[in-house]
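The values are calculated or read from the model by the stated rules, or taken from the named source; none is laboratory data. In this text, all values refer to a predicted model and were calculated from it rather than measured experimentally. Glycine also receives a Cβ, built like all others from the backbone with ideal geometry; neighbour counts cover every protein chain displayed.
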Amino acid sequence: MTNKNNNSVVDVKSSGAVGYKGDDKLLLGIVLGVITFWLFAQTTLNVAPAMRADLGIDENWSNIAVSITALFSGIFIVVMGGLGDRIGRVKVALVGIVLSAIGSLLIAVSPTGTVAFLMLGRIIQGLSAACIMPSTLALLKAYYEGPARQRAISFWSIGSWGGSGLCSLFGGAVASTIGWRWIFWMSIVISIISFLLMRSTPESKVEQTGERHDFDWSGLIAFMISMVSINIVIGQGSKLGWTSNLIVALSVVFLIAASIFFKIESSKSNAFVDFKLFNNSTYAGATLSNFLLNGAAGTLLVALTLVQKGAGLSSFEAGMLTIGYLIAILATIRVGEKLLQKWGPRKPMLLGCSITATGIFLTSLSFLYAWQYMIAAVIGFTLFGIGLGCYATPSTDAALSNVPQNQVGSAAGIYKMASSLGAAFGVAISAALFTGLSSGHVVYWGELFIGRTDNIEVRFAAAVALLFNVLMTLIAIVAIMQTVPKSNTKNNVL
């Protein structure tokens, strides 16, 4: 752990039981905790239309509910990672699992006609993910060694990447058969099993020596206010009017809070976001491209909603379009690792982004006949998965291997925060574009669309929103080209 006042490095120790080694019971508990977010909470990307219809809420609030979980996860993930180091990783992970059950319960019992239960449940699910993700990764490092650790990390990755690949198909199957609420009842059961498997694990935390610093609460509060306000502006702007008093006021709040945040973080020695890390161009490029590529999660929401609204597919039928995404992302994560070893991080990162952009572009071809679009979407989602698989490991390596050892913890937290915030804002902006344009009249581009003419507005809106996701991946490519060196040499100058 770093003492930022004198830049000295303080040794850390695990306070877990002497000689304790992680076993399959702990690993299963960790993986089940991870999938409460990646498999269950993320199903809203596909089942949002069914939830919206059942609860009787409008599309704007539904869109915010989808994105706000990743938003709160991103806001608090660095905080909870640090808290786990200080008070105990097992304790924070168990709190996260309990929060997951509470959030799922609120969503499962949400009454028709109100968004309060849904929104509160989604926020709590975000806090849950912020607790579970960094704490469980730290436990893998603390209690598994050598090949056992590699195996454990592989299972953790299957829980996260596999869960994200399966969530649309799983959610659609449950929603189409026994109802979307059962997704969250199942999540509660999984949370209980995970809690029971992990509760007897010896505690692991950092033994701190030297001067302690108070947590940067002022920076966190300013950051949270800025992120929540801009998320509401994006989600509600088209409904309330971009020049309405509330939207203008929240925009001003965002600008003020963001300015205060940057001022605080630039001047404090204990800032929870260390801007000095971004002086390293490789780390900055990897983190920015990670933010943008995770922002492409909006592709799932828009494309799957399109085929339900525009082609009349059920949520299960829509989810089936993503089966290639699931298979591809699991199959190519190790490919990305091999490419990293052969080429270094730059080439596989660029390759991954390029394949992802191609896949998303195919999902934007909404002017086709429905059956033609579904074929394009299946191919597109498969390429999407291949691209992410090629990108994931090289990007993480580029970020974390290019910072000094005493800053790896902070760098990893910010990198993961970029993942969650990218997903939150990518989904929010994609949904806002899709919702805002769906009600408009297509004048200039309507003649390009073949087949049915009663859904042209929805198809046009989807194309624009999906092309926005393509744009994000193209910006990621530019960022990588400008920041990640061609050689495999590490840049440790900060």
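Can you find a residue that is hydroxyl-bearing (Ser, Thr, Tyr), modelled with pLDDT under 95, assigned by TED's automatic domain parsing to the domain that holds residue 77 and touching a Lys or Arg at 6+ places or on another chain (Cβ under 6 Å) anywhere in region 101-120? Reasoning before the result, please.
Applying the first criterion (hydroxyl-bearing (Ser, Thr, Tyr)) to region 101-120 yields 104, 110, 112, 114.
From what is left, the residues that are modelled with pLDDT under 95 are 112, 114.
Keeping just the survivors that are assigned by TED's automatic domain parsing to the domain that holds residue 77 gives 112, 114.
Add one more test, that the residue is touching a Lys or Arg at 6+ places or on another chain (Cβ under 6 Å), and what stays is none.
No, there is no match, as no residue in region 101-120 is hydroxyl-bearing (Ser, Thr, Tyr), modelled with pLDDT under 95, assigned by TED's automatic domain parsing to the domain that holds residue 77 and touching a Lys or Arg at 6+ places or on another chain (Cβ under 6 Å).
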Residue 333 is checked against (1) surrounded by 24 or more Cβ atoms within 10 Å (Cβ to Cβ); (2) within 30 Å of residue 411 (Cβ to Cβ); (3) of a type in the set (A, V, I, L, M, F, W, C) and fails just one. What number does that condition carry? (1)
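Quick one: how many residues across region 291-314 are hydroxyl-bearing (Ser, Thr, Tyr) and either touching a Cys at 6+ places or on another chain (Cβ under 9 Å) or surrounded by fewer than 24 Cβ atoms within 10 Å (Cβ to Cβ) (or both)? Working first, answer last.
Just the residues of region 291-314 that are hydroxyl-bearing (Ser, Thr, Tyr), to begin with: 299, 305, 314.
Add one more test, that the residue is either touching a Cys at 6+ places or on another chain (Cβ under 9 Å) or surrounded by fewer than 24 Cβ atoms within 10 Å (Cβ to Cβ) (or both), and what stays is 314.
Residues in region 291-314 being hydroxyl-bearing (Ser, Thr, Tyr) and either touching a Cys at 6+ places or on another chain (Cβ under 9 Å) or surrounded by fewer than 24 Cβ atoms within 10 Å (Cβ to Cβ) (or both): 1 in total.
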When region 250-291 is examined, which residues are found to be at pLDDT below 90 and basic (Lys, Arg)? 268, 276
Take the residues in region 390-405 that are of a type in the set (Gly, Ala, Ser) and touching a Phe, Trp or Tyr at 6+ places or on another chain (Cβ under 8 Å), then tell me which one is surrounded by the fewest Cβ atoms within 10 Å (Cβ to Cβ). 392
Of 73, 135, the only residue that is hydroxyl-bearing (Ser, Thr, Tyr), within 21 Å of residue 201 (Cβ to Cβ), at pLDDT below 95 and buried (at least 24 other Cβ atoms within 10 Å of the Cβ) is 135
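Would you pick out the residues in region 424-452 that are more than 21 Å from residue 242 (Cα to Cα), part of a loop (DSSP other than H, G, I, E, B) and either at pLDDT 80 or above or not aliphatic (A, V, I, L, M) (or both)?
Taking region 424-452 and keeping what is more than 21 Å from residue 242 (Cα to Cα), we get 443-452.
In the following step, the residues that additionally are part of a loop (DSSP other than H, G, I, E, B) were identified as 443-445, 449-452.
Those that are more than 21 Å from residue 242 (Cα to Cα), part of a loop (DSSP other than H, G, I, E, B) and either at pLDDT 80 or above or not aliphatic (A, V, I, L, M) (or both): 444, 445, 449, 450, 451, 452.
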Any residue in region 225-242 that's farther than 18 Å from residue 434 by Cβ: show its pairings with residues that are surrounded by fewer than 21 Cβ atoms within 10 Å (Cβ to Cβ) and of a type in the set (S, T, N, Q) at Cβ separation under 9 Å, as long as the two are six or more apart or on different chains. 226/259; 229/251; 230/251
Would you confirm whether any residue within region 340-359 is under 21 Å from residue 308 (Cβ atoms), surrounded by fewer than 24 Cβ atoms within 10 Å (Cβ to Cβ) and of a type in the set (A, V, I, L, M, F, W, C)? no
Kindly evaluate residue 398 against the criterion of being modelled with pLDDT under 90, in a helix (DSSP H, G or I), within 30 Å of residue 349 (Cα to Cα) and not acidic (Asp, Glu). yes
